[in-house]
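First up is the structure itself, then whatever we jot down about it.
Rule-based calculations on the coordinates, nothing more; no lab input. Values in this document were obtained by computation on a predicted structure and should not be read as measured data. Here the Cβ positions follow ideal geometry from the backbone for every residue, glycine too, while neighbour counts run over all protein chains shown.
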Amino acid sequence: MTAKATFHDVHIIGGGLAGSEAAWQLAQRGVKVRLSEMRGSGEMTPAHQTDGLAEMVCSNSFRSDDDTKNAVGLLHHEMRALDSLIMRAGEVARVPAGSAMAVDRDVFSAEVEQALQAHRNVTIVRERIDALPDAGLTIVATGPLTSEALAGSIVRATGAERLAFFDAIAPIIHHDSIDMSKCWIQSRWNKTTEASNEGGDYINCPMNEAQYRSFVQGLLDGEKTEFKQWEKDTPYFDGCMPIEVMAERGWETLRYGPMKGVGLDNPLDVTPEFPQGRWPYAVVQLRQDNKLGTLWNMVGFQTKLKYAAQIELFRTIPGLENAEFARLGGLHRNTFLNSPEVLDRQLRLRAAPHIRFAGQVTGCEGYVESAAIGLVAGMMTAAELAGRDWQPLPATTAMGALLSHITGDAEAATFQTMNVNFGLFPPLHEIGKKVRKEDYTDRAKSDLQQWISETREAVPA
Ligand SMILES: Cc1cc2nc3c(=O)[nH]c(=O)nc-3n(C[C@H](O)[C@H](O)[C@H](O)COP(=O)(O)OP(=O)(O)OC[C@H]3O[C@@H](n4cnc5c(N)ncnc54)[C@H](O)[C@@H]3O)c2cc1C
């Protein structure tokens, strides 16, 4: 289905968290928006329950509202400073939840819809869009459950391997929580490339036979989350197989798969016969996940173990006893782009720059993150329409850090969806003291304030 004619400057496809926020930001700047939402036209996604805009499909929480020590709380602060509709509606719909921000989802959705419906610059059209428009400024915010025909059109524009349909998430660990006295850095068979780090590309956490057996038993016994019925119908590739499924196939399967120790000389296990170090019985490898080197992912460790079970089991791995996880593993249906490869720094499709993407389909994860990327996409589009050069948000802000990650700083080869977290921020070493979470949030707040006062991007028309 292509859009019926209306007068608009920007066409937004998808009226979820991101599309609604983008529409608000544009409309407040005097830009005429057509917002196409397929729910309400007889269409539904497998997870939504209503026709309301900005429906929260699962939990009713925007997570922590602490803007002094928490990265998502900081994102709340920044969005409020930029007149976010999602945060405004969230405030109206707020229910008690301690330091978290939880909302009544029906009140929240109704608030968002009412504000957009009442806005003279917004036309909401209930229709499903099946193809990327050939021309005209467009924001695609169709989320993790993008409809099939549109996903096909995106695949034709980007290449099949650049649109994922499953989030096969391996856990990601903060580097400074890894005990490097128990592991070492080396690439298998010492195979390095020009881009390699000194000494190799992987942190190797070695296991002896007893440790390996107890670990595999932990995988077999650990509590798992179930696939939803509609997820069962979406095939996943062998490359996404959860580690516990591999463990079920036999004791040795993992040791000949992601945990194989061959070609890795453990310098902590040197004998006269093996002066370079013996190969470990099994190994867990960590690979750098962002350009800053602050985040490392557990290679091949996608899992459906429940979060608490993951933390308990993965902290039995040598070197990871005190691991802090930037995110835990998972596997669920999720349509998202390999954004570091296909989008430019302004969220535009390199192959068709009149099209921007926003929300979870860009590879951010979570209600708040999706809305934040919608907010930025709206501001960027408004700047483009006004003929202004976009002044990038400081990377020291939560929004800037998240945006930098998905539009180029993340490793494209291992790109997975990502929540906002302090590991995405540039280290603040230059301030010359131990970095506390408050250092990140203080710096972010002052840098955002300066950006707002120095640019016109934050100022509605
Ligand atoms: C099952 C599930 C549970 C989740 N639970 C949580 C959670 O508890 N907490 C959390 O923070 N995050 C959660 N997420 C992740 C994510 O934050 C939310 O999905 C969030 O809503 C993403 O915002 P979005 O605007 O990118 O997409 P959405 O909110 O999904 O909005 C996309 C919109 O596009 C519409 N659409 C799709 N295709 C078309 C088309 N072709 N034409 C027109 N309209 C179209 C859809 O109907 C939808 O309204 C969950 C995701 C899923 C899939």
*Of 306/445; 182/291; 291/434; 32/228; 260/304, those spanning more than 28 Å from alpha-carbon to alpha-carbon*: 306/445; 32/228
*Could you state the per residue volume, in Å³, of the convex hull enclosing the Cα atoms of the chain?*
150 Å³
*Average projected area [Cα convex hull, the range 351-454], square nanometres*: 7.7 nm²
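Near residue 87, within a Cβ-to-Cβ distance under 14 Å, what is the net charge of the other residues, with Lys and Arg +1 and Asp and Glu -1? Walk me through the numbers on the way to the answer.
On the way: positive: 63, 80, 88, 94; negative: 21, 65, 67, 78, 83, 91, 111, 369.
That sum, taken over residues with Cβ under 14 Å, equals -4.
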*Per residue of the range 30-37, in order, report the coupling 6.51 cos²θ - 1.76 cosθ + 1.60 (Karplus, θ = phi - 60°) as ³J(HN,Hα) in whole Hz, putting x for Gly and Pro.*
x, 8, 7, 10, 10, 10, 9, 10
*Between the range 332-366 and the range 61-125, what's the alpha-carbon centroid distance in Å?*
23 Å
*What are the residues whose amide H is under 5 Å from the amide H of residue 290, where those residues sit 5 or more places off or on another chain and H is modelled from the backbone?*
295
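FRET efficiency for residue 306 and residue 7, Cβ-Cβ distance as r, R0 = 56 Å, nearest 0.05? Please report the intermediate quantities before stating the final value.
Working: r = 51 Å, r/R0 = 0.90.
Result of the calculation: an efficiency of 0.65.
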*Say R0 is 41 Å: what FRET efficiency, to the nearest 0.05, do residue 389 and residue 92 get from their beta-carbon distance?*
0.70
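Two decimals, Cα atoms only, Kirkwood Rh: what is Rg/Rh over the range 66-213?
Numbers: Rg = 23.5 Å, Rh = 21.3 Å.
Ratio of gyration radius to Kirkwood radius for the range 66-213: 1.11.
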*Divide the volume of the convex hull of the Cα atoms of the range 369-411 by its number of residues and quote the answer in cubic angstrom per residue.*
67 Å³
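Against the empirical 2.2 N^0.38 Å scaling, what ratio does the C-alpha Rg of the range 205-350 come to? All intermediate terms of the calculation are to be shown ahead of the outcome.
Working: Rg = 17.6 Å, N = 146, 2.2 N^0.38 = 14.6 Å.
Against the empirical 2.2 N^0.38 Å value, I get 1.20 for the range 205-350.
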_Given 10 °C and 1.306 mPa s, compute D for the range 310-392 with the Stokes-Einstein relation, Rh being the Kirkwood radius over Cα pairs; round to the nearest whole µm²/s._
105 µm²/s
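Treat every Asp and Glu Cβ in the range 317-461 as -1 and every Lys and Arg Cβ as +1, leave all other atoms uncharged, and give the resulting dipole magnitude about the Cα centre to the nearest 20 debye.
Numbers: 14 positive and 17 negative charges, 41 e Å.
Dipole of the range 317-461, to the nearest 20 debye: 200 debye.
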*Compactness of the range 1-128 - radius of gyration and Dmax, Cα, Å*: 15.1, 48
*Which value, in Å to one decimal place, does the Kirkwood hydrodynamic radius take for the range 251-333 when every pair of different Cα atoms is included?*
14.5 Å
*What list of ³J(HN,Hα) values in whole Hz, one per residue of the range 259-267 in order, does the Karplus curve 6.51 cos²θ - 1.76 cosθ + 1.60 (θ = phi - 60°) give from phi, with Gly and Pro shown as x?*
9, 6, x, 4, x, 10, 8, 7, x
*If eta is 1.002 mPa s and T is 20 °C, what Stokes-Einstein diffusion coefficient results for the range 92-153, Kirkwood Rh from Cα pairs, in µm²/s?*
145 µm²/s
